[in-house]
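Asker: This is the structure, below, for whatever I ask next.
No value in this document is a laboratory result; all are computed from the given coordinates. Just so you know, these numbers come straight off a predicted model, no measurement behind them. All Cβ positions, glycine included, derive from the backbone under ideal geometry; neighbour counts span all protein chains shown.
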Amino acid sequence: MPDNEPVEILLVEDNPNDVDLALHALKKNKVSNRIQVVRDGEEALDFIFGKDSSSGGPSEQRPKMVLLDLKLPKVDGLEVLRRLKGDPRTRSIPVIMLTSSGEESDIVKSYDLGVNSYIVKPVDFQQFSEAVRQLGLYWMVMNQAPIQ
């Protein structure tokens, strides 16, 4: 696929093993052809909003879906979520928190900030693969998003 094609899924994950697992599950289930991986919250915000929107750089990129880890270096997942859902240009992008944290306070904060779904990472690859398949089917195929 050409490099100028828009990114469909932005995967924000700092753990290399979880990145490999997610990419394998996405490819196995043919969920998306264009996946961008960033390793921390600052990279995620830079990818979507650009470091400086007047620079003419890669700003204003709009993935169709964001898979977001909660515990990230530099800028945590909750702050990334707050910024995405607080900006009218990105508010409608589905954000799925995909994290190992099942703490009630993290779940409540995520939903208060507008997360579309909160999934605790299963350890078992088969479970994880099925969760990714269902996510992709719903958010990339069935869900009707507004025209941007």
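Asker: Hey, with R₀ at 30 Å, roughly what FRET efficiency would LYS51 and ASN29 work out to, going by the Cβ-Cβ distance, to 0.05?
Answerer: The computed FRET efficiency comes out at 0.35.
Asker: While we're looking at this one, here's another question. Going down the list LYS71/LYS121; LYS27/LYS64; LYS27/LYS71; LYS85/LYS109; LYS30/LYS121, which pairs span over 18 Å between their C-alpha atoms?
Answerer: LYS27/LYS71; LYS30/LYS121
Asker: Lys and Arg at +1, Asp and Glu at -1: add these up for the other residues within a Cβ distance under 15 Å of ASP124 and post the number.
Answerer: +1
Asker: Kindly give Rg over Rh for the range 9-139, based on alpha-carbon atoms, with the Kirkwood expression for the hydrodynamic radius.
Answerer: With Rh from the inverse mean 1/r over Cα pairs, Rg/Rh is 0.95.
Asker: For the range 61-108, what is one quarter of the convex hull surface built on the Cα atoms, given in nm²?
Answerer: 3.6
Asker: Residue by residue, what Karplus-based ³J(HN,Hα) values in Hz, rounded to whole numbers, does the range 90-100 have, using 6.51, -1.76 and 1.60 with θ = phi - 60° and x for Gly and Pro?
Answerer: 10, 4, 7, 6, x, 10, 10, 6, 10, 9, 8
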